[in-house]
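The values are calculated or read from the model by the stated rules, or taken from the named source; none is laboratory data. All figures in this text were calculated on a predicted structure; none of them were measured in a lab. Neighbour counts run over all protein chains shown; Cβ positions are idealised from the backbone, glycine included. These area figures cover heavy atoms from the full protein model, side chains too; ligands, DNA and RNA do not enter into them. Shrake-Rupley method; radii C 1.70, N 1.55, O 1.52, S 1.80 Å.
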Amino acid sequence: MNHWTSLILALGIAFGLGYFVSLFNPFETTSSPSTVTIAPEATRDAFPANAVSVTTAEVRLTPPRTRIQSIGTGKAIRSIHVIADVAGTVEKIHVQPNTDVETGDPIVTLERKTQEILLGSATAELEKQNASFARFETLVSQNSSAVSQAQLDEARASLTLAQAQVAEAQYEYDRRIIRAPFAGRINLNDLTVGSYLPQGAEIVTLVDSSSLLVEFTVPETSISQIQTGVAVRLTTPALQGRVFNGTIVAFDSSIDEEFRTVRVRAEVQNPENLLLPGMTFSVSLASSDTPQPMVPAVSILWNQNGAYVWRLNQDNTPENVAVVLRNRLGDNVWVEADLSAGDIVIKDGAFKVSQGATLALDIETKTQEPSDG
């Protein structure tokens, strides 16, 4: 290797070594591009690690606008089978099917020739006894010795007996006319003149449907809403689009042990006779009573003492408040409890709470106003 080749090789090695040192020199002050690390943002509200996470709802005071739905059957306010008190042959029919009658109107007259004869005989005997008594009474008043006081008393007794016999004969005569016991409408019947009716036979059915009684049942949980005078709305498939208003007139004083229901009777006026006994009715009962606390259904818990909710005190500690369930609509329940409007109750997560527990509260929500649908 000659002198120039050695010199060039030495210069190359020196240059490379200098470049290497410039790259890895720990004392080099030349800065490289920086990396920015963003620290996580501090939590807005810090809770202990063992805090129970729950959501809350605000108590509202509203009337319990409940809607009870049921199915009922209508029946006439009065309906009877008119029967024959006595046996006899139909002599005259005074009414036709689907005709209206008033109280006391004749429906059927039975043959009563025998009763007519007996009535005539009794009437004649009455006239005889009446004349005899009048004669004896006149003689006694004149102080006549022809008639004693005993004879006058006997004549008076005979007159009284004759009057009773006439009344009996008249009664037997009149009872052969079958009359309407109340105003109503005559149902379809098969009456014919000349047919024989044994005693107790059904003659016609008389129906007073000026108003209908609709019987339906409600669950025992709704019994607090059932009172006489409460309004109901009724619809029937036979008259689509029509709504009829009625009122509760009676209800059972006991609960059916098998079905846990209460039988209720409502009355609906029927002046146009559009409603017929036997119709099926859909019954809707909506009530608006004294405002009661309304809470979400999920906030209600149960223990050996009954239902309760957790109410938050001012320091956000939970307090056990006993409640009595009254009505439910949708996701909300009306209760009787020591709760005021604006109180905060625990909603979701209530089952995890215990007395004195530390809570981590999520966003507070108001109890939504339920819709009647």
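Extension gain for the segment LEU188 to ILE83, taken as residue separation times 0.36 nm less the Cα-Cα distance, is 36.3 nm to one decimal. Working from label points 7 Å from Cα in the Cα-to-Cβ sense, the LYS92 to ARG156 distance is 4.1 nm.
Looking at the square roots a ≥ b ≥ c of the eigenvalues of the Cα gyration tensor of segment 75-159, which shape do they give, rounded for a/c under 1.5, prolate if a/b is larger than b/c, or oblate? Judged from the Cα gyration tensor, segment 75-159 comes out prolate (a/c at least 1.5, a/b above b/c).
SER210: net charge of surrounding residues, Cβ under 15 Å, Lys/Arg +1, Asp/Glu -1, itself excluded?
On the way: positive: LYS75, ARG78, ARG185; negative: ASP100, GLU102, ASP208, GLU267, GLU272.
Overall, the nearby charge balance is -2.
Ranking of PHE351, PHE259 by solvent-accessible surface, largest first: PHE351, PHE259 (1.4 Å probe, protein heavy atoms only, all chains present).
Under a 1.4 angstrom probe, counting protein chains only, how are ARG263, ARG233, ARG185 ranked by accessible area, largest first?
ARG233, ARG263, ARG185
Extension gain, ALA307-ARG260: 0.36 nm per intervening residue step, less the Cα-Cα distance, totals 14.9 nm.
Once the Cβ-Cβ distance of SER253 and ARG135 is raised to the sixth power relative to R0 = 56 Å, the FRET efficiency obtained is 0.25. Highest-first packing order for the peptide set 68-75, 159-166 is 68-75, 159-166, based on the mean count of other beta carbon atoms within 10 Å. A protection proxy built from the mean count of other Cβ atoms within 10 Å ranks the segments 310-316, 119-125, most packed first, as 119-125, 310-316. Highest average first, the peptides 265-272, 198-205 ordered by how many other beta carbon atoms sit within 10 Å of their residues are 265-272, 198-205. For segment 199-218, list residues with backbone N below 16 Å from a point placed 7 Å from the Cα of GLU111 toward its Cβ? 199, by backbone N distance to the label point. Under 5 Å between amide hydrogens, built in the peptide plane, is the criterion, and for ILE107 it picks out ILE178, ARG179, ALA180 among residues at least 5 positions away or on other chains. Segment LYS128..THR103, full-extension length gain: 5.3 nm, with 0.36 nm per residue of separation and the alpha-carbon distance subtracted.
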